[in-house]
1. Out of (1) open to solvent by 30 Å² or more (accessible area, probe 1.4 Å); (2) not in a helix (DSSP H, G or I), what's the single condition that is false for LEU303?
2. Which is under 21 Å from ILE222 (Cβ atoms), surrounded by fewer than 21 Cβ atoms within 10 Å (Cβ to Cβ) and modelled with pLDDT of 95 or more, of LEU83, LEU123?
3. Here are some conditions: (1) of a type in the set (A, V, I, L, M); (2) open to solvent by 40 Å² or more (accessible area, probe 1.4 Å); (3) farther than 21 Å from MET37 by Cβ. LEU131 meets all but one. Which one does it not meet?
4. Has region 138-147 got any residue that is within 14 Å of the ligand (Cβ to nearest atom), outside the structural domain of ASP60 (by TED's automatic domain parsing) and over 27 Å from GLY61 (Cα atoms)?
5. Starting from residues that are within 12 Å of the ligand (Cβ to nearest atom) and crowded, with 17+ Cβ neighbours inside 10 Å, keep the ones in region 169-192 and report whichever is nearest to TYR147 (Cα to Cα).
6. Considering ALA109, ALA161, ALA118, ALA165, which residue is farther than 22 Å from GLU48 by Cα and of a type outside the set (Lys, Arg)?
7. Among the candidates TYR55, TYR18, TYR23, which residue alone is touching a Cys at 6+ places or on another chain (Cβ under 6 Å) and either surrounded by 13 or more Cβ atoms within 10 Å (Cβ to Cβ) or within 24 Å of ALA305 (Cα to Cα) (or both)?
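The values are calculated or read from the model by the stated rules, or taken from the named source; none is laboratory data. Note that the structure is predicted; figures quoted are calculated from it, not measured. Glycine also receives a Cβ, built like all others from the backbone with ideal geometry; neighbour counts cover every protein chain displayed. We work out accessible area using only protein heavy atoms, side chains counted, and drop any ligands, DNA or RNA first. Shrake-Rupley method; radii C 1.70, N 1.55, O 1.52, S 1.80 Å.
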Amino acid sequence: MSIERIKTLIIGSGPAGYTAAIYASRADLKPVLYTGMEPGGQLTTTTEVDNFPGYPDGVDGPTMMVELQKQAERFGTDVRIGLVTQVTFSNSEGGIHKVTVDSNKEIEAESIIISTGATAKYLGIPSEERLKGGGVSACAVCDGFFYKGQDVAIVGGGDTAAEEATYLSNICSKVTMIVRKGKMRASKAMQHRVESRDNIEVRYFSEIDEVLGTDVVEGVRILNNQTNEKDEVEITGLFIAIGHKPNTEIFKGQLDMDDAGYIITKGKTTDTNCPGVFASGDVQDKDYRQAVTAAGTGCMAALDAERYLAGLE
Ligand code: NDP
């Protein structure tokens, strides 16, 4: 197996990874970036991005990611298609971290920036899969605006669903919130916010039986899991807010994580418990999860890596 020694390895190609790459390459850390299985990350599954500063007319997600890649390459980032399959991190200051790519290439890196992101959970029913991008979305803050003045539904009963239902109620005419149990898991404060809105209807003991529509969402069929009765509600947008899963499987046992698997970073930095290993973007943030906040922490990770490497000299 060939072994390559580098200064900085960036794992992941969303806004956090590419922003880390822009900063790291400008600081002459000669970064190598592996894209992972979904080059461009979650934004490549979004259509229009209207909330990233600097794009007054909006930009579509895939285009934005191509531009970020070009910007990183302009300063010398070596962007490679490949999946990191195994890591062995050093626990000592100045130690070398070993990473296997595609099970057949070994990289030895002095510093590593993890930007592997998180994946939104979906219900997993065929009609939902078919209408992704045609009215089914996992991000109300990203896509809610497209349903201005229309009726929408949101699935989930956690803080995200409650927050997004409240957000949507400011934009849409009616929001149907579909909660599978008889109560919400969201905090009391968030529940009160939902209850205070006249245009949110919460339907408990309810599950989506099918998303209706051929090319675009036209409605949902809802199953009451107590009575087994079904009824249909006309909507144009369906938001899934049943949680995210951070992409941290390969780091388990080596990096400190919270109960949900998000990497724990120290204080205001991107430092992990392994010296020289930094985490940025959604992989360490379950609260904000925006392209611009991911980009911000990507910048921080590159600066932290630069300072770490400078401190070793
Ligand atoms: P949670 O895991 O807290 O909640 C997920 C919700 O989705 C639950 O109501 C769950 O139902 C429901 N659900 C899960 N799977 C399905 C399914 N297959 N079908 C239908 N419903 C399903 O995720 P969140 O994203 O809401 O929150 C993640 C974390 O982030 C939490 O710790 C939360 O507190 C935090 N957060 C905090 C915010 C804030 O403080 N402002 C804002 C957003 C998130 P059930 O209860 O039945 O399991």
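1. Result: LEU303 fails condition (2) only.
2. LEU123
3. (2)
4. No.
5. Out of the qualifying residues, it is MET177.
6. ALA109
7. TYR23
Residue by residue, here is whether (1) of a type in the set (Lys, Arg); (2) more than 16 Å from GLU93 (Cα to Cα); (3) out of contact with any Asp or Glu (no Cβ under 6 Å at 6 or more places or on another chain) holds:
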| residue | (1), (2), (3) |
| --- | --- |
| ASP259 | no, yes, yes |
| THR269 | no, yes, no |
| CYS274 | no, no, yes |
| SER280 | no, yes, yes |
| VAL283 | no, yes, yes |
| GLY296 | no, yes, yes |
| ALA302 | no, yes, yes |
